[in-house]
Structures are given as structure tokens and as C-alpha cells.
1. Please enumerate the residues belonging to region 161-180 that are assigned to a helix (DSSP H, G or I) and over 20 Å from LEU245 (Cβ atoms).
2. Considering each of SER305, SER279 in turn, give the residue that is among the polar types (S, T, N, Q), more than 29 Å from the chain's Cα centre (by Cα) and over 15 Å from LEU356 (Cβ atoms).
3. Under 8 Å by Cβ, and 6 or more places apart or on different chains, what pairs join a residue from region 578-601 that is without any contact (Cβ under 8 Å) to a residue 60 or more places away in the chain with one that is of a type in the set (Lys, Arg) and open to solvent by 10 Å² or more (accessible area, probe 1.4 Å)?
4. Restrict the check to region 507-525 and report whether at least one residue is polar (S, T, N, Q) and either surrounded by 15 or more Cβ atoms within 10 Å (Cβ to Cβ) or at pLDDT below 85 (or both).
5. Quick test for you: out of GLU648, GLU577, GLU630, GLU644, pick the one residue that is in contact with a Ser or Thr (Cβ under 7 Å, 6 or more places away or on another chain) and at pLDDT below 85.
6. If I ask for residues that are in a loop (DSSP other than H, G, I, E, B), touching a residue at least 12 places away in the same chain (Cβ under 8 Å), within 25 Å of SER479 (Cβ to Cβ) and of a type in the set (S, T, N, Q), which ones from region 537-577 would you list?
7. Restricting to region 595-615, and then to whatever is more than 18 Å from SER574 (Cβ to Cβ) and outside any helix (DSSP H, G or I), can you tell me which residue is modelled with the highest pLDDT?
Amino acid sequence: MFKSIPLNKLVPSRKNVRKHSDPVADAELKADIKARGLLQNLVVNSIDHGKFEVTAGGRRLKQLKALSKSRAIKKTEPIWCLVKNGDAGEIREVSLAENFQRVKLNPADEAEAFQDIVDEGASVEDVAIRFGQTVRFVEGRLRLAKLAPVVFEALASGDITLDIAKAYGATSDVERQAQVFEDVSGAYYQITPDSIRRMVLEASVRASDPRAVLVGRDAYLEAGGTIDRELFDDDESESWVDVALLERLANGKMEWRADEIKDEQGLAWVRPTLDCYVSHELIEGLNQLPVELEPLGDEAVARLSDLEIQYDDQAAILENEETSEEDTIAAENRLAEIEQEMCELNERKPVLADDLRPEAGAFLVLGRDGVPTIVPQYYNEKVVATSDDEGVELVEDGKAIPPKRAALSKRLVDELAMQRRDILALHVASDPALALDFAVFTLADADSHDWNAKESTTLRGPVSHGPASDFEAVDAPASAALAELRSSLDESWKVGENQVERFVLFRALHDEARSAWLGHVVARTLVASLNVEGDRQVPLHDQLGNVLDIDMAAWWRPTAINYFDRITKPKILSSFENVGGLELSNRYAGSKKAELAATAERIFAGNFIAEAEVKERAVQWVPDAMQFAEPESKDADAQTGPSEDCEEIADQAA
């Protein structure tokens, strides 16, 4: 039954299934209730002392209480409620159903409603305040209301997405919008927001445009295209007027080339796009497949070894203080040539395993030079849905699967899937322990490479690979400890034959084992960083190092191989001065570079004769580049620049 109940008699219920909320949405709700009052009743059940628990409408109750606290409404404000008593299970189901049955308002309906309110004399700011939205949001919806009628009707009926509608709104010319809509209606190629935005904004394109280069002048004219050419235009600056025709012809050539590549590479599909990149819309819902770098041939390996020897020879010339200026310039130029050739040899193409090709696909983009280019990233979609007016047909490996249930329209399938997702998300969010298990399992199970498993989450945590290929730290305590930690992980859960079985077994592990996996899957995502200016500097890593109070000297010591052989003689002597003053530096000033590097390794390992204080400083010394930088003081007058060590290593990294 319905009943009017004073606000101070209403209390929140623990049985309400909504445990989390959005602060922005709450602010919008508060503004709406303040402007128009409560438009939807609360659902309550009676408890002791004349009080009522709000089992559905907890967010509304919270905002009502906030308005009461700010004296916008009375504490005893009458609130219209539906009283439904029952046991705990029945009450929880009522709460869940009330949240589940909501359908978000269509953007077209919002646009029309906002426009009607503005037409009645309200300002955009008034509408924003009354509905708890930003001015920008309201203005965006009002722009939708001014779309060409044919475009607006398509948005209202769900034939086009909100992003597509916004793309049409890139121009205020409704005739242009309607023309483009007509041009792309029934198009056999995929329409994206980017393609729509291009077509409505471009009344013409230059002959140098990638699409024009791809199609060719003769083919465009033969298809009925028009070209405007001014007196001083050349073949590249002339204007091609029929943009929709050009897009259609370009898409046709891209489709033809995509089919060629699909057959050549033995792929399941190749999808073309006229963009020079693969947009998020194209890869949404796909699984990215693993690839390996093309192995180096014997000739390439031999050439790299030869180049490394040449590099060391040229570096020695630069380090020699007696080298002439002319020889120094020649050595620097040769080093640049060697580095360029080494980079080219190491630029290897990703290779997809042959057994994955029959179910794999890729994307063909249009380069800025007008040349179709296959992107060397591969995806699969084990099961796809294709729809017609009757319903959805499931297809697997090119063969139709008999439907197990009554056919549903694709739109209904999508909407139901999103609602089911929200229900699951609500309960996962309410169970942090399960959420943590699911996150850790998802990251750890990526190693299983079970490409037949359906994608269950967008969560990703790929292993970070260092920027230096084929590098392995020698005698590195941290690398050895990481390997030992990895080998100690409990992998008994991996015997499961599918994702569900593996997850059940993973959850059955004891807390310590699951915690070890948590540390492992997070730690392996860390990228390589260094305390130097440039791309290698990651301030958050410095913060982590300080929070963990990492003693770098205990985990890494400079040696001839990993450091001193790679820096100049003056830098080595400077490091001696840092720990032993000029006395220690001058003692070895006459040594040759090769001998000096070996001496430095002994000194910074503490294997030399010196005062106890000098030895202590030596075994604790670490180059600034390897340290975790201390957080800078907010009131510092000036920032300290990088040390000489940092500058030299930054140059090498660059």
C-alpha cells in the first residue's frame, strides 16, 4: 500500500543491494529533487518504533536527508512511499528489481525535452542547475535537437549511435548532414564517427589526400567525380568535390586489397579502415592474439656482433684524451651510423603462429601516403552475432549454430547483456574479496593463452619487456630473487581444463598463495625506468621506491660490465672523488681506461685498502641515475638538475 511518511521516520536499509554510488550522479539527483521534488516514490518496510527502512530508493533518501540538513526542506517533510513488508530475501529482491528495471533515457528524448524547456524561456544555465547537469552537457543535447530531421529520427530509433549523431553535429549545416546521411545509407562498408565527421566537414578534398592518391584521378573521373581546378592549381592542389563518392571508391579499393591480404596470409578476416590508425570502436570486443618477433637470421646476428665491435672501437677513440678534433668528429659520425644500422637490424616484424591464423584477423589502414598498410597486430572473435529483421544468428568458425533459445533482436540482446553486466558488477563491487580474486586470476590466467575463452573483462596487465632486446642481467640479485619468487608460486590451479575450472581452483588456494600471485602479476607490469630526464623517468616509480624504502646499494653494485666500461674515464674518476676525495681520484688518474674500470669495480665492492669511512661510502655508492629520487619540496626555490652521471646515461638511452 502507498503511504505518506515523515522524512525523519525513514532510515536506510542494509538490505538495499546498491552499496556504491556515483558522486556526480548523486549531485544531479539532489539538484533535481530540490528543483521539482521527489518524482518517484520510495519502497519501504516497517520496523520497530514507528520507523521504516528504505529498501529501494536509498540514493533518494540520502539526498532528501542532505536537503533537510541544509534546511531546503523540513525534517518532517511528507514522503510518498510504497510499503512492502516481507522476509529479508523478499526485501532484497524488491531492491534488486527496482534497480534492474530502469532504462536510461534515449539521448534524442533528452534533447527534445531540454529544447522544449529552453523554448519556454529557460536559459541553458537554468536547465543545467535544475537537472544537476553541466552546462556543456545541456548544450551538447541541444545541439542534437538541431540535427537534420532524418539524422535525429535515426538517433531516436536507435539506427545510429550517439557518437555517430555527435559526428553529424560537427557542422551546423543541416542540408550537409542530410546529404551525408543519404550518401552513407545502405553503405556496405563500416561507418565510423571519424568517417562521418570527415564527410560533413569536407566540402572537397585535395588531390594529395590519401583517399585521392589511393583511388587515382582517372578512376574518380570515370565514376562521375567532379574536380575544381583554379588557375594556379597543380595536380596535387586541385579540389575533388564529391567526397561521398571518393569515400565509396576508396573503401572499395581497401576492401579489395584486404581480401588479397587475407588470402595471402591465411587469415580469417582483414578489415579495412580509411583512417591511418585502428580506432577503439574497431577492436572493441576482440581478443588480441600473442605474437613473437621475427627471429634474426645468421647474417643479421653476425652483422650485429661486428657492429658492436666497431662501436667499442669508435667509443675508445672518443674516450682518448689525445684524440684530435677531426678524429673526434669522424668517430661521432660513425657511431651515429652504427647505431642507426643496429636499430634497423633490430626492427623485426611481429609473427603470428601458424596454428592461430585460421581464426585470426587484422586491420588494414590507409597510410598518409595513400598506401594500404596491414597493422601487425592480430585479433580473434570466436563467436560473432549477425542480425536481420527476424533476430540473431550465432556463427562459429563460419558455420551457423542452431539457436538454443527463441531468436532475439540484436538491439535487445545488447540491452539485456548490459543490464545483466550491471547486476553482476554491482554484486562483484559489493564483495571486495571476490573482486580481488577475480582481478588477480584474470592477470595470472593470461599466461594460459586460452584463446577460446570468452573475454570476461577489459582488465589487462601484460608483462613489461625492457627497451633493450636480448639483454639479461648478469649476477643481478634482484633478477635472481624475482626468478625464485616466480618459481615458488602455487600453480596447482592451472590444471583446470577451462577458465571456469581454473578460477574455482584459484579461489581454493590459501590466502598466502593468492597474495603471492597478486604481488607477482602487479610487479611484472612495471616498465623500465631510470632517474634521468627524458622518457625513462617515471616519478611514480620514485615514489614507490621511497615508500618501500629500497636500499639500492644492497640490490645493485656497479661493475665493469654493467657500468664502468660504459662511461668515460673522467666520470669514473669523479665517482672516486665522491667517496674518497681528490686523494683517491688522483691515485688512479694515470691508469688506462680498461684497468680503471676493473679497479673501480673492486673499489665499489669494498675490496681495496682505505680508511673505514671511505670504504663505507664506497660500498654504499650508487650512481644518481639508479637512485629513487626524493620527493621535491613544494617551497623549493629552484630545482636541482640531473647529475653528470644522469646526463651521460640519458644520452646513451636516447
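The values are calculated or read from the model by the stated rules, or taken from the named source; none is laboratory data. Note that this is a predicted model, so its numbers are computed, not measured. Every residue, glycine among them, receives a Cβ derived from its backbone with ideal geometry; neighbour counts consider all protein chains shown. These accessible areas exclude ligands, DNA and RNA; they are computed on the full protein's heavy atoms, side chains included. Shrake-Rupley method; radii C 1.70, N 1.55, O 1.52, S 1.80 Å.
1. LEU162, ASP163, ILE164, ALA165, LYS166, VAL174
2. Numbers: SER279 fails: more than 29 Å from the chain's Cα centre (by Cα).
Going through SER305, SER279 in turn, just one is among the polar types (S, T, N, Q), more than 29 Å from the chain's Cα centre (by Cα) and over 15 Å from LEU356 (Cβ atoms): SER305.
3. Close Cβ pairs (under 8 Å, with a partner that is of a type in the set (Lys, Arg) and open to solvent by 10 Å² or more (accessible area, probe 1.4 Å)) amount to ASN578/ARG617; VAL579/ARG617; GLY580/ARG617; LEU596/LYS569.
4. Yes: region 507-525 contains one or more residues that are polar (S, T, N, Q) and either surrounded by 15 or more Cβ atoms within 10 Å (Cβ to Cβ) or at pLDDT below 85 (or both).
5. GLU644
6. Taking region 537-577 and keeping what is in a loop (DSSP other than H, G, I, E, B), we get 537-538, 548-551, 556-563, 567-568.
Subset that is touching a residue at least 12 places away in the same chain (Cβ under 8 Å): 550, 556-563, 567-568.
Now drop any that are not within 25 Å of SER479 (Cβ to Cβ), which leaves 550, 556-563, 567.
Answer for region 537-577, where residues must be in a loop (DSSP other than H, G, I, E, B), touching a residue at least 12 places away in the same chain (Cβ under 8 Å), within 25 Å of SER479 (Cβ to Cβ) and of a type in the set (S, T, N, Q): THR559, ASN562.
7. Of region 595-615, the ones more than 18 Å from SER574 (Cβ to Cβ) are 605-607, 609, 611-613, 615.
Those left that are additionally outside any helix (DSSP H, G or I): 605-607, 609, 611.
On the way: ALA605: 89, GLY606: 86, ASN607: 85, ILE609: 77, GLU611: 85.
Only one residue fits best here, namely ALA605.
Conditions tested, residue by residue: (1) surrounded by fewer than 16 Cβ atoms within 10 Å (Cβ to Cβ); (2) farther than 21 Å from PRO272 by Cβ; (3) modelled with pLDDT of 90 or more.
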position	(1), (2), (3)
ALA145	no, yes, no
GLY158	yes, yes, no
VAL215	no, no, yes
ILE227	no, yes, no
